[in-house]
Amino acid sequence: MSFNRFEKLDSDLFQGLVNLSRINLSNNILKHIETYMFAGLKSLSALYLHNNELEQIDKELFKKLKNLTKINLSHNQLKHIDRDTFQGLSQLTDLYLSGNKLKDLDKRLFAKLHNLSILSLSSNQPNQ
């Protein structure tokens, strides 16, 4: 579903796709992802949302996605990420947040991501 010009997606678009393991929504013009869009996708291991126009991510978006190993949110318009956004994602190994407008990151944002091996934060706007 990448390289379309999707601006908005129905919140129940992926409902019932319990065996879905990867979703690629990159290179669209999405500004918002519904909070429970991915609810019930227990097999989801990779989520690609890079190169969109996302301005915020609800802290509940990834809540029940315990098998996620990769999240790419790079090159969006994110200014803030709540400290609980990645809570419970103990399998997460790759997290890409580069090319956003992030200025402040809570010191607890990555605290429980013990399997994280790749963290990309380049080209943001951190406070000096």
Open item on the list: For the range 113-128: of the residues being among the polar types (S, T, N, Q) and modelled with pLDDT of 90 or more, which is farthest from residue 75 (Cα to Cα)?
Closed with: 115
- [ ] Could you check residue 89 against (1) under 20 Å from residue 37 (Cβ atoms); (2) surrounded by 16 or more Cβ atoms within 10 Å (Cβ to Cβ); (3) of a type outside the set (Phe, Trp, Tyr); (4) in contact with a Gly (Cβ under 9 Å, 6 or more places away or on another chain) and say which number it fails?
- [x] (4)
TODO: For residue 54, work out the one condition from (1) buried (at least 16 other Cβ atoms within 10 Å of the Cβ); (2) in contact with a strand residue (DSSP E or B) (Cβ under 7 Å, 6 or more places away or on another chain) it doesn't fulfil.
DONE: (2)
Task: Residue count, the range 28-45 (criterion: crowded, with 17+ Cβ neighbours inside 10 Å and more than 19 Å from residue 59 (Cα to Cα)) - done: 1
TODO: Please specify each residue of the range 93-112 satisfying the condition of being over 18 Å from residue 58 (Cα atoms), among the hydrophobic types (A, V, I, L, M, F, W, C) and at pLDDT 95 or above.
DONE: none
Task: Hey, residue 25 within 23 Å of residue 101 (Cα to Cα), among the hydrophobic types (A, V, I, L, M, F, W, C), touching a strand residue (DSSP E or B) at 6+ places or on another chain (Cβ under 8 Å) and at pLDDT 95 or above or not - done: yes
TODO: Need at least 3 residues that are within 25 Å of residue 12 (Cα to Cα) and under 14 Å from the mean Cα position of the chain (by Cα) per element, so show me which strands (runs of 3 or more DSSP E) inside the range 25-128 make the cut, counting only ones lying wholly within it.
DONE: 46-48, 70-72
Task: Checklist (1) farther than 15 Å from residue 88 by Cβ; (2) under 12 Å from the mean Cα position of the chain (by Cα) applied to residue 6, failing item - done: (2)
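The values are calculated or read from the model by the stated rules, or taken from the named source; none is laboratory data. Since we're looking at a predicted model, the values are computed, not measured. As a convention, Cβ positions derive from the backbone with ideal geometry for all residues, glycine included, and neighbour counts pool all protein chains shown.
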